[in-house]
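S.K.: Following this message is one structure expressed as structure tokens.
The values are calculated or read from the model by the stated rules, or taken from the named source; none is laboratory data. The shown structure was predicted, so the numbers you read here are calculated from the model rather than taken from an experiment. Cβ placement follows ideal geometry from the backbone for every residue including glycine, while neighbour counts extend to all protein chains displayed. Heads up: the accessible areas ignore ligands, DNA and RNA and are worked out on the full protein's heavy atoms, side chains in. Shrake-Rupley method; radii C 1.70, N 1.55, O 1.52, S 1.80 Å.
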Amino acid sequence: MGGVDALWITPWYPSPMADGGYDVADYCDIHPDFGDLEQATALLDDAHHHGMRVPLDLVANHTSDHHPWFRRAASDPSAPERDWYWTRRGRGAYGELPPNNWKSVFGGSAWSKLDSAVKPPRTEWYLHLFTPAQPDLNWDNPGVAEQFDHILRFWFDRGVDGLRIDVAHGLTKHPDLPDLAAPHNATPSRSPDEVSGAYVVNHPHWDRDDVHRIFRRWREIADSYASSKQGARIFVAEAWRTRKGGLPRYLRADELHTAFNFDFLKCPWDADLLQATIETQIRSLATVGATPTWVLSSHDLIRPVTRFGSKGSLADLMLNDEPDIDLEVGCRRARAAALLMLALPGSAFIYQGEELGLPEVFDIAPEARQDPISSGSGVKQRGRDGCRVPLPWSGELPALGFSNATPWLPQPAWWAQYSVDQQESDPSSMLTLYRRAIHWRRRHLTIPLTPELDWLDSAPGVLAFRRGDEFQCVVNASPVTVDLPSGSQLVMASGELPTKGIPPDTTVWLHACGPHGLR
Ligand code: NOJ
């Protein structure tokens, strides 16, 4: 897709793939399915040649249980690596109970017995906030920090432009590993939310104050590349479970540079909620001088066309039953949401396939599913495979043009109609909309990079704002057609405007006419 500034690559490291590569067995190599280090360098060079930056994914909360560090930790109680992880003796007369009541994000206890467990009553357990194949690292041990210094430099020296920090809000733990108090020991929610209630601060494992020392250390490393040809490197935080209004703390001047805006991603199609979410992001990030960001989809959530077409909540959609979805409505709203996002000041993150308007794939046979959320819940939860199915490039070629090999998840035959080659020549396709909008945004909306946005009075259910004197965006999220503002020219619309009004679920971009209008 033309207009891409940066390419974020999810984990490409050697991994047993217990969690889509977020279980890393070697941080300084490439999984053979994806190539090798030489090819990685060629890709970086090529991207740079085309003016694109390439950030990678840094998984520092946990390793794979196949990582040599964990292998040594598990097999030898006196190995230094033993303290690189959280291992503890079990509770109960025989050590048969987990050391505390923490739950894994993916369900069940956050503790598993170590392979080499000394027999009861000295049974040893290890902590994993995700699957048992992802043991959590102990960031209180200086050895861990030193290893990651090396990993950062390894990739920065090879030309990587930045890192997306996986589970940034979870890297440190309370050293005493205390039990979670109610209500937080209840079954964890599948859609991560804010840390609240008793743990507004000092949660034993989310959003802890001591996590920021790690980011300061990494920032020094990233800044030390300032005088290199590529310049300083950048960090993007994945921080879901922060205290209310807590995200800016991750983006202070000596910490991470930017963060995904998950509030926007999870926001329902509702003008008031959207406006409040946008306003909060812009205002709160301005307190630390950070750039606002916008995200409509990711590899962890239901695709927007499906989400916006559903009458149920996001949590309902994650359940593995027959959802009630109107894809036509979903597609209209996803197009309108795209033009809203691309009109906003700041950075927009686009997840592959969003620009094709791909719906979530629900009909993946249970035996073909890969996501541990699905298997861990006895297939009660549908998991995240449906938004990870490899892209359709061609309606004709095997594997829809994605690969000569069999893709890791099955692609439905009905995806042919969404393929890039079908959409490229269609002026009304989602791909054409994204391309035109990005092209226009780059030309008119990103210079200067100011976060200025002025809300305009609008009818109920309608969002309207101006950027500068010349650009206006109107989003009709109401069920009725509203008037097109007079005195301006249409730049583009997310759908057809048959009546000269703005129909429901449609966004328009306008610019002022006259001698000073945009060209
Ligand atoms: C967040 C990633 O986006 C998700 O895909 C992964 O399962 C967890 N972190 C654990 O690494």
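S.K.: Condition first: touching a residue at least 60 places away in the same chain (Cβ under 8 Å) and under 12 Å from L114 (Cα atoms). Now tell me which residues in segment 43-72 satisfy that.
M.R.: Result: D65, F70.
S.K.: Kindly evaluate I302 against the criterion of being farther than 30 Å from A253 by Cα, part of a loop (DSSP other than H, G, I, E, B) and in contact with a helix residue (DSSP H, G or I) (Cβ under 9 Å, 6 or more places away or on another chain).
M.R.: Values: farther than 30 Å from A253 by Cα: yes; part of a loop (DSSP other than H, G, I, E, B): yes; in contact with a helix residue (DSSP H, G or I) (Cβ under 9 Å, 6 or more places away or on another chain): yes.
So I302 passes the test.
S.K.: Identify the single condition in (1) β-branched (V, I, T); (2) open to solvent by 70 Å² or more (accessible area, probe 1.4 Å); (3) closer than 27 Å to H511 by Cβ that I438 does not satisfy, given that it satisfies every other one.
M.R.: (2)
S.K.: Residue check, D157 against (1) more than 28 Å from T41 (Cβ to Cβ); (2) more than 16 Å from the ligand (Cβ to nearest atom), all met but one. Which one?
M.R.: Result: D157 passes all but (1).
S.K.: What number of residues within segment 303-327 satisfy the criterion of being surrounded by fewer than 21 Cβ atoms within 10 Å (Cβ to Cβ), closer than 30 Å to W440 by Cβ and basic (K, R)?
M.R.: Result for segment 303-327: 0.
S.K.: Filter segment 52-78 down to residues that are in a loop (DSSP other than H, G, I, E, B), open to solvent by 10 Å² or more (accessible area, probe 1.4 Å) and away from the ligand (no atom under 16 Å from the Cβ), then give me how many there are.
M.R.: Matching residues across segment 52-78 total 4.
S.K.: Inspect all residues belonging to segment 266-285 and state whether any of them is part of a helix (DSSP H, G or I) and within 16 Å of the ligand (Cβ to nearest atom). I'd like the intermediate steps shown before the answer.
M.R.: At the first step, the residues of segment 266-285 found to be part of a helix (DSSP H, G or I) are 266, 271-285.
Now restrict to residues that are within 16 Å of the ligand (Cβ to nearest atom): 266.
Yes, because at least one residue in segment 266-285 is part of a helix (DSSP H, G or I) and within 16 Å of the ligand (Cβ to nearest atom).
S.K.: Another question, if that's okay. Testing P132 on (1) closer than 29 Å to A6 by Cβ; (2) within 16 Å of the ligand (Cβ to nearest atom), one condition comes back false. Which one is that?
M.R.: Tallying (1) closer than 29 Å to A6 by Cβ; (2) within 16 Å of the ligand (Cβ to nearest atom), P132 fails exactly one: (1).
S.K.: Also: Residues of segment 462-483 being farther than 17 Å from L497 by Cα and open to solvent by 40 Å² or more (accessible area, probe 1.4 Å), which ones?
M.R.: R466, G468, D469, E470 - these are the residues of segment 462-483 that are farther than 17 Å from L497 by Cα and open to solvent by 40 Å² or more (accessible area, probe 1.4 Å).
S.K.: Could you please give the count of residues in segment 83-110 that are out of contact with any helix residue (DSSP H, G or I) (no Cβ under 6 Å at 6 or more places or on another chain) and in a strand (DSSP E or B)? Step through it out loud before you land on a result.
M.R.: We begin by selecting, within segment 83-110, every residue out of contact with any helix residue (DSSP H, G or I) (no Cβ under 6 Å at 6 or more places or on another chain); these are 83, 86-105, 108-110.
Among the residues that remain, those that are also in a strand (DSSP E or B) are: 87-89, 91, 97, 103, 109.
The qualifying residues number 7.
S.K.: Quick test for you: out of G357, G353, G330, G346, pick the one residue that is open to solvent by 10 Å² or more (accessible area, probe 1.4 Å) and either under 30 Å from L510 (Cα atoms) or not acidic (D, E) (or both).
M.R.: Numbers: G357 fails: open to solvent by 10 Å² or more (accessible area, probe 1.4 Å); G353 fails: open to solvent by 10 Å² or more (accessible area, probe 1.4 Å); G330 fails: open to solvent by 10 Å² or more (accessible area, probe 1.4 Å).
None of the other options fit; the residue is G346.
S.K.: Which of the residues belonging to segment 7-36 are more than 13 Å from the ligand (Cβ to nearest atom) and open to solvent by 50 Å² or more (accessible area, probe 1.4 Å)?
M.R.: L7, P16, D26, D29, P32, D33, F34, D36 - these are the residues of segment 7-36 that are more than 13 Å from the ligand (Cβ to nearest atom) and open to solvent by 50 Å² or more (accessible area, probe 1.4 Å).
S.K.: Turning to a different aspect of this structure: Which residue is nearest to S429 (Cα to Cα), if the candidates are limited to segment 305-335 and must be assigned to a loop (DSSP other than H, G, I, E, B) and polar (S, T, N, Q)? Steps first, answer last, please.
M.R.: Taking segment 305-335 and keeping what is assigned to a loop (DSSP other than H, G, I, E, B), we get 309, 311-313, 320-324, 326.
Still in the list and also polar (S, T, N, Q): 313, 320.
Working: S313: 27, N320: 30 Å.
That would be S313.
S.K.: When segment 87-113 is examined, which residues are found to be on the phi > 0 side of the Ramachandran plot and out of contact with any Asp or Glu (no Cβ under 8 Å at 6 or more places or on another chain)?
M.R.: Filtering segment 87-113 down to residues on the phi > 0 side of the Ramachandran plot leaves 92, 95, 107-108.
G92, G107, G108 - these are the residues of segment 87-113 that are on the phi > 0 side of the Ramachandran plot and out of contact with any Asp or Glu (no Cβ under 8 Å at 6 or more places or on another chain).
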